[in-house]
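What follows is a short report on a single structure.
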Amino acid sequence: MNQSLLQYAAGVPLLLAFSLSLPQSCHAEARQDVPLKTQVSAGVERMYPWLDGVYKDLHAHPEIAFQEVRTAARLAGEMRKLGFAVTEKVGRTGIVAVLRNGAGPTVLVRTELDGLPMEEKTGLPYASRARTSSDGRDSFVTHSCGHDVHMASWLGAARTLVELKERWRGTLVFIGQPAEETVSGAKAMLDDGLLKRFPKPDYAFALHSWPLAYGTVGYNSGPVSSNSDAIEIVFKGRGGHGSAPDKALDPIAIAARFVVDVQTVVSREKDPKEFGVVTIGAIQGGTVGNIIPDTVQVRGTIRSYSPDVRTKLLDGVRRVANASAAMAGAPAPDVQLTPGGAAIVNDEALVQRTEAVFQDAFGKANAVRVPAMTASEDFSQFAEQGIPSMFFFTGVYDPNAVAEAQRPGGKPVAFNHSPFYAPVPEPSIKTAVQAMSLAVLNVLQR
């Protein structure tokens, strides 16, 4: 025994020193007697300094959709160190990491890689100042949706499962998905043969940071995100002088009518008990105040949960756009309604099975059912392949700040996609690692 080891052993309590001399089988038997939640929690505590470093590095160096080269390489390298077989450039910039541990179920765990083309204004010491080209324009980039939290938690869950290999049997398929923010990365990976080149999962899990109190986990069965459809309409007119509108055909007036009238589809045609939103986010047309332009472009988004409401809103947007032009005697507009992500529908049996584990680990007050989010997510692409799936939420803010935000007149907390979105790293990441690890172990336990 070398001198440093002698010094170490001298300071170890007698019982622990004795345990160091036990054969590996005795260690395994001892670990079997310790509850999984305790083992997971202890492991996360040990590894947290590593996770904190990874998180802050990813936060400071974000990349946007299909540009996640550095991000993917960092995650691939960490997963190889853990013993996973890693394939890069799946779906352009995605990664797939596989670990086999005997006969058993196959479980997919997904994280997203991309940030957003916007400026961070949190003032954090590790804040992003990265820049890139987005849609031909120079832009800042930041992880203002929490994908950096997800990636650190994904790595933490992978390491936890490796450290607890004697407690489970099966195959892990950990995927780093590009381009979630453009709702296109999951399809890119599937089109690149994800389910043909790699083991097909029996279960799939993903998590998302959310402006809840840290230490809490939220989930539900059925729809937990919305359908997403993009609106792009070009209204056509006839240009002319602003002082003589009778000599022109004003597409701005047509577009304005459409923006107002399309809301009647939501308020008067949709069942008021069903969720549905039509939002116009951009109107572009004209150059100066005294010229009537030839065309005006309108862009927006449609969100819904149910397929029937989705169809009604799509039909209504198209009908109102054509009617607005017809009322002005204008040519029919060019209407493009592009499908985005479908609603994620959580598997009821898998949710119930996982709920019991979450409530045991975090307490019933901290593991709760929450309403579906109105945002969209392309994790639904994996669930639609016939894979029982569960998408859940983990909190990121000080509980006192969340409680204050819920009081009338209280200071709101920054929501995802805000330039001020600033998760509190340590408790947030620890909870997310524990939740994901326990969810996976629950379907893989020996």
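The values are calculated or read from the model by the stated rules, or taken from the named source; none is laboratory data. The structure presented is a predicted model; accordingly, all values stated were derived computationally and were not measured. Here Cβ is always computed from backbone atoms with ideal geometry, including for glycine, and neighbour counts include all displayed protein chains. Ligands, DNA and RNA are stripped out before the accessible areas are found, and what is left, the full protein with its side chains, is counted by its heavy atoms. Shrake-Rupley method; radii C 1.70, N 1.55, O 1.52, S 1.80 Å.
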Counting Lys and Arg as +1 and Asp and Glu as -1, what is the net charge of the other residues whose Cβ lies under 14 Å from the Cβ of ASP250?
-> +2
Compute the signed sum of charges (Lys and Arg +1, Asp and Glu -1) over the other residues within less than 13 Å, Cβ to Cβ, of PHE84.
-> +3
Using a 1.4 Å probe on heavy atoms of the protein chains only, the accessible area for HIS417 in Å², nearest 10, reads 80 Å²
Cut-off 15 Å between beta-carbons: net charge of the residues surrounding ASP52, Lys and Arg +1, Asp and Glu -1 = 0
Hey, rough spin-label estimate for GLU232 and ASP192, points 7 angstrom out along Cα→Cβ, what's it come to in nanometres?
-> 2.3 nm
Sticking with the crude label model, points 7 Å out along Cα→Cβ, report the distance from THR287 to VAL260 in nm, one decimal please.
-> 2.9 nm
Semi-axes of the equivalent ellipsoid of the chain: what are they in whole Å, largest first, if each equals the square root of 5 times a C-alpha gyration tensor eigenvalue?
-> 49, 22, 21
Any idea of the accessible area per residue across the chain, 1.4 Å probe, to the nearest Å²?
-> 45 Å²
With respect to the cross-link table entries LYS312/LYS430; LYS56/LYS187; LYS270/LYS411, which display a Cα-Cα separation exceeding 31 Å?
-> LYS312/LYS430; LYS270/LYS411
Accessible area of the chain belonging to carbon and sulfur atoms, whole % at 1.4 Å probe | 54 percent
What one gets for region 313-446 as the Kirkwood radius, inverse of mean 1/r over different Cα pairs in Å, is 18.8 Å
Taking the simple approach of a point 7 Å from Cα along Cα-to-Cβ for both ASP398 and ALA326, what is their distance in nm?
-> 5.8 nm
Using every alpha carbon pair in region 166-312, what percent of pairs falls into each 5 Å bin from 0 up to the bin containing the largest distance?
-> 2, 7, 11, 12, 12, 13, 11, 10, 8, 5, 4, 3, 1, 1, 0, 0, 0
Cα extents of region 229-349 along the principal axes, largest first, in whole Å, come to 65, 24, 19
How much length is gained if the chain between ARG137 and VAL424 is pulled fully straight, taking 0.36 nm per residue apart and subtracting their Cα-Cα distance, in nm to one decimal?
-> 100.2 nm
Using a 1.4 angstrom probe and counting only protein chains, how large is the accessible area of ASP378 in Å², to 10?
-> 0 Å²
Can you pull out the chymotrypsin sites (Phe, Trp or Tyr not before Pro) in region 328-431 that DSSP calls coil and that have at most 16 other Cβ atoms within 10 Å?
-> PHE415, PHE420
